[in-house]
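Peer 1: I am attaching a structure below and will ask some questions about it afterwards.
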Amino acid sequence: MPKFNENFFDLKESYLFSEIAHRVNAYSEKNPNKKIIRLGIGDVTLPLGSKVISQLHEGIDALASAETFKGYGPEQGYDFLRLAIVDYYSRNNISINPCEVFVSDGAKSDTGNITDIFGRDNIVLIPDPVYPVYVDTNIMSGRNIIYIDANEENNFLPMPDDNVHSDIIYICSPNNPTGATYNRDQLKNWIDYALENNAIILYDSAYECFITDETLPRSIYAIEGAKKCAIEFCSLSKTAGFTGVRCGYTIIPEDLTFLSSSGIKISVNAMWNRRQTTKFNGVSYIVQKGAAAVFSPEGMAQCKSNIKYYQENAKIILNGLLKKNISCFGGVNSPYIWFKCPNNMDSWDFFDYLLDNAQIVGTPGAGFGKNGQKFFRITSFGTRDSTIEAMKRIDELI
Ligand SMILES: *Cc1c(COP(=O)(O)O)cnc(C)c1O
């Protein structure tokens, strides 16, 4: 009989989005005439820009003739895309090498798969509330997790505790679900802590393109010392609306080295390369053509215009909630508005209240961790009209 990975039994039932769907379906069956506005799931809604579309088409056409046909590509991504990413960083005054860039099918896979290169005996530091992938993938591999509280007191930006040692640190900034974003000094603190503890930071910058405040870092490598202690995960999902197309990239600096238990110098870049070449055969040529177009001036302008649309929505939501004296986080450098449920309500109770009385679907904070119990997430990824309508309903209700 096979022995299974029974760490899976330690996972909490992931019922967040299925429970939401269940409650929404039950409501709409009972109230077929009510128009429900969905501002729950973190998925984009605007179509891809024309530059990306034309390059995706070019990618397909290349496969139609023998001269330009592509079979397996490099597991790490085509040079044209790795160079486009390097160039994107250089525009933010960050210098990385093409061999430090690994193209993938998205940041969810990479933030999950990275656990492959770490031994079981690591102390893993994860903020709460957080994107559930970090927690669940570490539970699957049986690691010890220390949670650090992100709460109102620290503006949902927890700082390192010098008295607590850890080996692996997850940071997501701008954050999902809270929208909170670390400034340069705060990130420097985390880098100093990591260097002091010989720890590694796994930095998820999936929402960097939503940063409007020019003083905030869009990459951890904007801070000195990061190349010695941090891996950065990024994605075209929110930057370019690639949630369905699938493409992301992970940066592993060549300077990122540690000593093995027997004292041999380990290159994290080489380990990840070994992992990827073993288990991954690369992103399709078509998708990479489209992805490279994102970084062209025209492609980037089109992405920015979509992001601006969502940012306007975020402003509408934020202003509507602030008008009601609701305590809000995010919404400025992030597509998410994270707010305290009115009247000290629990997040699932508020979910029902909002659905029953205003037909609005959001995401209960409890689904992201215990510190989300009294909080709620609304996304700016809806249409302008539905966002305005939702805020009108909230204005009348609360
Ligand atoms: C949306 C999101 C991602 C992107 O995941 P993909 O697999 O690239 O679509 C990564 N991290 C966080 C925190 C996210 O919310």
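The values are calculated or read from the model by the stated rules, or taken from the named source; none is laboratory data. Computed from a predicted model, the values in this text were never measured in an experiment. Positions of Cβ are generated from backbone atoms using ideal geometry, with glycine treated the same way; all protein chains shown enter the neighbour counts.
Peer 1: Just to be sure before I move on: is Gly59 more than 30 Å from Gln311 (Cα to Cα) and either buried (at least 20 other Cβ atoms within 10 Å of the Cβ) or in contact with a His (Cβ under 6 Å, 6 or more places away or on another chain) (or both) in the structure I sent?
Peer 2: yes
Peer 1: When the residues of the range 211-222 are narrowed to those that are assigned to a loop (DSSP other than H, G, I, E, B) and crowded, with 21+ Cβ neighbours inside 10 Å, which ends up farthest from the ligand (Cβ to nearest atom)?
Peer 2: Looking at the filtered set, the residue picked out is Pro217.
Peer 1: Filter the range 228-244 down to residues that are surrounded by fewer than 21 Cβ atoms within 10 Å (Cβ to Cβ) and either farther than 22 Å from Cys172 by Cβ or more than 13 Å from the chain's Cα centre (by Cα) (or both) and give me whichever is farthest from the ligand (Cβ to nearest atom).
Peer 2: Step by step, filter the range 228-244, then rank; the result is Lys228.
Peer 1: Now a separate question. Which residues, counting only those in the range 368-381, are part of a helix (DSSP H, G or I) and surrounded by 21 or more Cβ atoms within 10 Å (Cβ to Cβ)?
Peer 2: Within the range 368-381, Phe368, Asn371, Gly372 meet the criteria.
Peer 1: Considering each of Ser65, Ser104 in turn, give the residue that is surrounded by 13 or more Cβ atoms within 10 Å (Cβ to Cβ) and closer than 20 Å to Ile286 by Cβ.
Peer 2: Ser104
Peer 1: (1) within 19 Å of the chain's Cα centre (by Cα); (2) farther than 24 Å from Val245 by Cβ: which one isn't true of Gly106, the others all being true?
Peer 2: Status for Gly106: all satisfied but (2).
Peer 1: Something else about it: For the condition basic (Lys, Arg), in contact (Cβ under 8 Å) with a residue 40 or more places away in the chain and surrounded by 15 or more Cβ atoms within 10 Å (Cβ to Cβ), what is the one hit in Lys51, Lys70?
Peer 2: Being basic (Lys, Arg), in contact (Cβ under 8 Å) with a residue 40 or more places away in the chain and surrounded by 15 or more Cβ atoms within 10 Å (Cβ to Cβ) holds for just one of Lys51, Lys70, which is Lys51.
Peer 1: Just to be sure, is Glu254 surrounded by fewer than 22 Cβ atoms within 10 Å (Cβ to Cβ) and under 23 Å from Asn189 (Cα atoms)?
Peer 2: Judged against the criteria, Glu254 is a match.
Peer 1: Can you tell me which residues in the range 345-398 are without any contact (Cβ under 8 Å) to a residue 12 or more places away in the chain, charged (D, E, K, R) and under 22 Å from His22 (Cβ atoms)?
Peer 2: Passing the criteria: only Asp349.
Peer 1: Please work out which residue is surrounded by the most Cβ atoms within 10 Å (Cβ to Cβ), limiting yourself to the range 320-344 and to residues that are touching a residue at least 24 places away in the same chain (Cβ under 8 Å) and out of contact with any strand residue (DSSP E or B) (no Cβ under 8 Å at 6 or more places or on another chain).
Peer 2: Ser334
Peer 1: If a residue counts only when it is within 16 Å of the ligand (Cβ to nearest atom) and touching a strand residue (DSSP E or B) at 6+ places or on another chain (Cβ under 7 Å), which strands (runs of 3 or more DSSP E) contained entirely in the range 88-183 have at least 1 such residues?
Peer 2: Here the list reads 101-104, 123-128, 168-172.
Peer 1: Continuing with the same structure: Please verify whether Ile41 is in contact with a strand residue (DSSP E or B) (Cβ under 8 Å, 6 or more places away or on another chain) and either exposed (fewer than 10 other Cβ atoms within 10 Å of the Cβ) or farther than 26 Å from Cys234 by Cα (or both), treating the condition exactly as stated.
Peer 2: So Ile41 fails the test.
Peer 1: Return the pairs, sorted by first residue and then second, in which the second residue is within 9 Å of the ligand (Cβ to nearest atom) and among the hydroxyl-bearing types (Ser, Thr, Tyr), the first residue lies in the range 235-255 and is outside any helix (DSSP H, G or I), the beta carbons are less than 6 Å apart, and the residues are 6+ apart or on different chains.
Peer 2: Matching pairs, first to second residue: Thr243/Ser237; Gly248/Ser104; Gly248/Ser235.
Peer 1: Also, quick follow-up: Mind checking whether some residue in the range 42-54 is more than 25 Å from the chain's Cα centre (by Cα) and at pLDDT 95 or above?
Peer 2: Looking for residues that are more than 25 Å from the chain's Cα centre (by Cα) and at pLDDT 95 or above, one finds at least one in the range 42-54, hence yes.
Peer 1: So Arg384 passes all but one of these: (1) in contact with a helix residue (DSSP H, G or I) (Cβ under 8 Å, 6 or more places away or on another chain); (2) over 19 Å from Asn31 (Cβ atoms); (3) buried (at least 19 other Cβ atoms within 10 Å of the Cβ). Which condition number does it fail?
Peer 2: Condition not satisfied by Arg384: (3).
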